[in-house]
Amino acid sequence: MSRIGKNPIIVPQGVEVIIDNQTVTVKGPKGTLTQEFLPAVNIAREEDKIVVTVASEKDGNLHGLTRTLINNMVIGVTQGFEKALEINGIGYKAQKQGNKLILTLGYSHPVEVEEVEGITIDVPSQNSIIVKGIDKQLVGQIAANIREYRLPEPYKGKGIKYAGEHIRRKEGKAGGKK
């Protein structure tokens, strides 16, 4: 039995949760999210709480997963999610033009990233990017896609990294014979 799955999800004021068979729709001040779950999991609403149970013990691996996904939907429509990225390197920078993110990363051409529906990309400074949205999985995927354009390298630490991420540094080449 999952310890996380046992905890009920508290639905805050202003959030509407609709459970239709195995489809859960969560509407809140920031938007609407819908997701379908497997029939091995029972989802029920009890007053201001959502309770997730499993039909059999063998489906216990879906118990905590389903509860966490629904909880992330509730958090997403009330507070939203964000991922911060940092750009390190001489000449590396980011700027925003309309709904496009333009990255200068040492390539012969600038890299353009378009905003996806439901996601906003902010550039507070040339060296930082913030990806915001209500869908946690989509925010993380867009941030990972941006990071992939220039992964941080271990010698000088140049590239795009998550804010707070520690890059293990390597020592450079040993000097020659003296």
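Scan the chain and hand back the longest stretch that contains none of the chymotrypsin sites (Phe, Trp or Tyr not before Pro) lying in DSSP loops with at most 12 other Cβ atoms within 10 Å.
The answer is 1-106.
Apply the Karplus parameterisation 6.51 cos²θ - 1.76 cosθ + 1.60, with θ equal to phi minus 60°, to every residue of region 86-97 and state each ³J(HN,Hα) to the nearest whole Hz, in sequence, with x for glycine and proline.
Here the 3J(HN,Hα) series is 10, 10, 10, x, 5, x, 7, 7, 10, 8, 10, 10 Hz.
A 28 angstrom limit on the alpha carbon distance is what I want to check against. Which of Lys30/Lys96; Lys27/Lys132; Lys96/Lys161; Lys132/Lys170; Lys100/Lys158; Lys93/Lys136 exceed it?
Check vs 28 Å cut-off fails for Lys132/Lys170.
Report the label-to-label distance for Gln22 and Lys93 in nanometres (one decimal), using points 7 Å from each Cα along the Cα→Cβ vector.
5.2
Heavy atoms only, probe 1.4 angstrom, no DNA, RNA or ligands counted: give me Leu151, Leu105, Leu33 ranked by accessible area, highest first.
Values: Leu151 90, Leu105 0, Leu33 30 Å².
The most accessible residue leads, giving Leu151, Leu33, Leu105.
Regarding region 50-178, what is the average projected area of its C-alpha convex hull, in nm²?
Values: hull surface 52.1 nm².
The orientation-averaged projected area of the Cα hull of region 50-178 comes to 13.0 nm².
Return one whole number: the accessible area per residue of region 13-136 in Å², for a 1.4 Å probe.
Values: 7020 Å² over 124 residues.
Heavy-atom SASA per residue in region 13-136 reads 57 Å².
If you roll a 1.4 Å probe over region 1-101 with all protein chains in place, what percent of the accessible area is carbon or sulfur?
The nonpolar share, carbon plus sulfur, comes to 48 percent.
Where in region 27-122 are there GluC sites (Glu not before Pro) that are in a DSSP coil and have at most 10 other Cβ atoms within 10 angstrom of their Cβ?
Listed in order of number, the matching sites are Glu47, Glu117.
To the nearest 0.05, how large is the calculated FRET efficiency for Ile4 and Glu165 if R₀ is 35 Å and r is the Cβ-Cβ distance? Each step should come with its number before you reach the end.
Details: r = 25 Å, r/R0 = 0.72.
About 0.85, to the nearest 0.05.
Convert 37 °C to kelvin, take the viscosity as 0.692 mPa s, use the Kirkwood radius over C-alpha pairs of region 99-143 as Rh, and evaluate the Stokes-Einstein diffusion coefficient in µm²/s, rounded to a whole number.
290
The values are calculated or read from the model by the stated rules, or taken from the named source; none is laboratory data. All values reported here derive from a predicted model rather than from experimental measurement. With ideal geometry, Cβ positions are generated from the backbone for all residues, glycine too; neighbour counts draw on all protein chains shown. Surface accessibility is based on the protein's heavy atoms, side chains included, excluding ligands, DNA and RNA. Shrake-Rupley method; radii C 1.70, N 1.55, O 1.52, S 1.80 Å.
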